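Trainee: Handing you a structure now.
The values are calculated or read from the model by the stated rules, or taken from the named source; none is laboratory data. Note that the structure is a prediction, hence the values are computed from the model and not measured. Here Cβ is always computed from backbone atoms with ideal geometry, including for glycine, and neighbour counts include all displayed protein chains. To get the accessible areas, we keep the full protein, side chains included, count just its heavy atoms, and leave off ligands, DNA and RNA. Shrake-Rupley method; radii C 1.70, N 1.55, O 1.52, S 1.80 Å.
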Amino acid sequence: PAPERNNVMPAPAHLEFFAGRLPVTAAFEVAVNGHDDARLRGAIARFLQGWTVHTGLNFADATAVPHTASATLVIDCAGPGPAIPVLGEDESYTLDVTARQAILRAPTVIGAMRGLETVLQRVNHDAAGWFLPAVSIRDRPRFPWRGLMIDVCRHWQPFDVIERNLDGMALVKLNVLHLHLTDDQGFRIESRTHPELQEKGSDGHYFTQAQMRALIAYAA
């Protein structure tokens, strides 16, 4: 058979392939062991939504399993980490996939989120159906600052486009979004003390303060 190819972006710090595969069907189930909170549950929901779009399978009941023994994917998270992501926090994770089960371990929720993106990228398909190849991954970022700058002053991008870019950043494990909001070409954020800035400097294209709070929360 052809040798396995790494299709994870960015390439993990350590990756080892093994024989075997874990089937991915509509009966796929996720269990959380250890720390569990709303941010982790939100990440799991986005992960399952991404798989639904990619595979066409319905994972509506995927997180209904209370016990780890019967789950297809077990997420073992040691703690929450900072409520708002900060540079230098522990984003590491390990992923072990066998023919019986996939186990994702991380010291923080952010690490678990990074691992879920890797699982999302590892799903494969052939004549027998969808599956996760057997693999062992030990990963942590090489650089603490991994960013993307979007200049909305010169090239306006609406709220939903920024959200979509945040999803793409998460997929490849970027962790800093720099929005260039003010320049002589445009003033793209609401000012309550000097409203003429956005009124005369934006052609009507700017983020309200409520939208900025929503983007910050979404990014977190």
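Trainee: If a residue has to be assigned to a loop (DSSP other than H, G, I, E, B) and closer than 14 Å to A99 by Cβ to count, how many in region 5-24 make the cut?
Mentor: 1
Trainee: Follow-up question, since we're still on this one. So, in region 124-159, of the ones that are of a type in the set (S, T, N, Q) and farther than 24 Å from N58 by Cα, which residue ends up least open to solvent (accessible area, probe 1.4 Å)?
Mentor: Looking at the filtered set, the residue picked out is S136.
Trainee: While we're looking at this one, here's another question. Here are A38, A31: which of them is within 24 Å of D167 (Cα to Cα), in contact with a His (Cβ under 9 Å, 6 or more places away or on another chain) and modelled with pLDDT of 90 or more?
Mentor: Unique residue meeting the criteria: A31.
Trainee: Among residues belonging to region 41-61 that are part of a loop (DSSP other than H, G, I, E, B) and not aliphatic (A, V, I, L, M), point out the one that is modelled with the lowest pLDDT.
Mentor: Among residues in region 41-61 that are part of a loop (DSSP other than H, G, I, E, B) and not aliphatic (A, V, I, L, M), the one modelled with the lowest pLDDT is D61.
Trainee: Find the strands (runs of 3 or more DSSP E) located wholly in region 124-190 whose residues include 3 or more that are of a type in the set (K, R) and farther than 30 Å from R100 by Cβ, and list them.
Mentor: Per the criteria, no element qualifies.
Trainee: In region 159-180, what count of residues is obtained for those that are of a type outside the set (F, W, Y) and touching a helix residue (DSSP H, G or I) at 6+ places or on another chain (Cβ under 9 Å)?
Mentor: Counting residues in region 159-180 that are of a type outside the set (F, W, Y) and touching a helix residue (DSSP H, G or I) at 6+ places or on another chain (Cβ under 9 Å) gives 14.
Trainee: Can I ask one more? Among the candidates L87, L73, which residue alone is of a type outside the set (S, T, Y), at pLDDT 90 or above and either open to solvent by 80 Å² or more (accessible area, probe 1.4 Å) or touching a Cys at 6+ places or on another chain (Cβ under 6 Å) (or both)?
Mentor: Of L87, L73, the one residue that is of a type outside the set (S, T, Y), at pLDDT 90 or above and either open to solvent by 80 Å² or more (accessible area, probe 1.4 Å) or touching a Cys at 6+ places or on another chain (Cβ under 6 Å) (or both) is L87.
Trainee: OK, next. Check region 205-217 and report whether any residue there is among the charged types (D, E, K, R) and over 20 Å from G115 (Cα atoms).
Mentor: Yes, region 205-217 has at least one match.
Trainee: Something else about it: Can you pull out every residue in region 110-119 that is closer than 11 Å to G79 by Cα and in contact with a strand residue (DSSP E or B) (Cβ under 6 Å, 6 or more places away or on another chain)?
Mentor: G111, A112
Trainee: Please list, ordered by first then second residue, the pairs with beta carbon atoms under 6 Å, 6 or more apart or interchain, first in region 160-182 and at negative phi and open to solvent by less than 40 Å² (accessible area, probe 1.4 Å), second modelled with pLDDT of 95 or more and part of a loop (DSSP other than H, G, I, E, B).
Mentor: Taking only residues 6 or more apart or on different chains, the pairs are V176/W145; L181/R188.
Trainee: Looking at region 191-220, which of the residues that are more than 24 Å from A83 (Cβ to Cβ) and assigned to a helix (DSSP H, G or I) is least open to solvent (accessible area, probe 1.4 Å)?
Mentor: Per the criteria, the residue is Q198.
Trainee: Which of the numbered conditions does V53 fail, given that it passes all the others? Conditions: (1) of a type outside the set (D, E); (2) free of Cβ contacts under 8 Å to residues at least 60 places away in the same chain; (3) open to solvent by less than 70 Å² (accessible area, probe 1.4 Å); (4) under 21 Å from D167 (Cβ atoms).
Mentor: (3)
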